[in-house]
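Only one structure is covered here, and it is reproduced in the block below.
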Amino acid sequence: DGGITQSPKYLFRKEGQNVTLSCEQNLNHDAMYWYRQDPGQGLRLIYYSQIVNDFQKGDIAEGYSVSREKKESFPLTVTSAQKNPTAFYLCASSMSQGGFSGANVLTFGAGSRLTVL
Amino acid sequence: AQSVSQHNHHVILSEAASLELGCNYSYGGTVNLFWYVQYPGQHLQLLLKYFSGDPLVKGIKGFEAEFIKSKFSFNLRKPSVQWSDTAEYFCAAGGATNKLIFGTGTLLAVQP
């Protein structure tokens, strides 16, 4: 089955610790994204990557870092600099912009819920 | 600035009632419009999309949405809701950068 796998599903962290959330896709999609979902605020874009070894900041990138060394992988690190890291994190992917069919349609993973103690 | 507004935060309906969820967007240039749905315990998934052509688009499970360019709107409709439509609904707008902007979501509860 093609899809996006996020791990861990639940994660607890002490203040001051960095944590890395995994996101792997086997859809052969070029673009990958990280969103943060908070109640009443919808989905806010953290980082996105349209191609391997390249990524751009989204709207709320402060306190987060990413890498894109492989097409299928886009891990997100929540650093100790993130002031309010407790949230639900969603990874997504899409085919690259260019064709009509499938342009900008996102496939989402099941999410990772991070709680800072 | 680019933005998507969903004015209904919580909607409660009885089964068989009609549904309309509002979505307004502000987005420069050519825009693609989407509705995504998140059923309890499930992944976010695409409900329907508009890229061009007929402004009335039909999606899964009997949902439809109408793109009204003059009103910058893309409202979601369903003539008769079911209990299984209970979910959170997100409107989104995207363009050439491949970057989507989401609204804050509407939580729909359908009472049997």
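Here, each number is a calculation from the coordinates, and none is a lab measurement. Computed from a prediction, not measured in an experiment: that's the story for all the values here. We place every Cβ from the backbone using ideal geometry, glycine too, and count neighbours over all the protein chains shown.
With +1 on the Cβ of every Lys and Arg and -1 on the Cβ of every Asp and Glu, and nothing else charged, how large is the dipole of region A:1-90 about its Cα centre, in debye rounded to the nearest 20? The calculation lands at about 260 debye.
For region B:1-24, list residues with backbone N below 17 Å from a point placed 7 Å from the Cα of B:Arg77 toward its Cβ? Residues B:16-24 fall inside that zone. Residues whose amide H comes within less than 5 Å of that of A:Tyr47, counting only those at least five positions distant or on another chain, are A:Trp34, A:Gly58 (H built at 1.01 Å from N in the peptide plane). Per-peptide packing, taken as the mean over residues of other Cβ atoms within 10 Å, places A:4-16, A:78-90 in the sequence A:78-90, A:4-16 from highest down.
Put the Cα centre of region A:18-63 next to the Cα centre of region B:67-112 and the gap is 22 Å. Evaluated at q = 0.14 Å⁻¹, a Debye calculation over the C-alpha positions of chain A (equal weights, vacuum) places log10 I(q)/I(0) at -0.53. Between B:Ala1 and B:Glu20, the contour length at 0.36 nm per residue exceeds the Cα-Cα span by 4.3 nm. Bridgeable lysines around B:Lys78 (alpha carbons under 16 Å apart, same-chain partners fewer than 8 residues away excluded): B:Lys49, B:Lys58, B:Lys61.
Counting only other chain Cβ atoms within 10 Å of each residue's Cβ, the peptide A:35-44 averages 5.
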